[in-house]
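Each reported figure results from applying straightforward, stated rules to the coordinates on display, with no laboratory input. Computed from a prediction, not measured in an experiment: that's the story for all the values here. Cβ atoms come from the backbone with ideal geometry, glycine included; neighbour counts cover every protein chain shown.
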């Protein structure tokens, strides 16, 4: 029976040894997983920062283009309005004379 206990004790010792190895590997794996999650989080944060910077730059450029187009349209409108005013002033006297002539039938 002493032999069986010794053999049983040897088995228990081996089980404890394997259990310690498993725990060590598990701890190492958990640490690697935590580090990988941390790296992944950093990558996501970097990507978000880069994306925000790119979006801000794109928005700035498009706003500049839009502002330039608005200015161009304002100038074109001012030019067209001035042209219409000049044309109207030029044609005002002859138009008034035609209306007066038509109304008075002279």
Compute the helix-to-body angle for 2-104: its Cα long axis versus the longest principal axis of the chain, expressed 0 to 90° and rounded to tens. 0 degrees
What distance in nm separates the simple spin-label points at residue 91 and residue 24, each placed 7 Å from Cα in the Cβ direction? 10.0 nm
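How long is the gain from residue 61 to residue 83 if the chain were fully straight, where each residue apart is worth 0.36 nm and the alpha carbon distance is subtracted? Could you put the intermediate results ahead of the total?
On the way: separation 22, 0.36 × 22 = 7.92 nm, distance 3.29 nm.
Contour length minus the Cα-Cα distance gives 4.6 nm.
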Along the Cα→Cβ direction, 7 angstrom out, place labels at residue 49 and residue 103. What is the inter-label distance in nm? 7.7 nm
Quick one: if you stick a label point 7 Å off each Cα along the C-beta vector at residue 74 and residue 36, how many nm between them? 5.8 nm
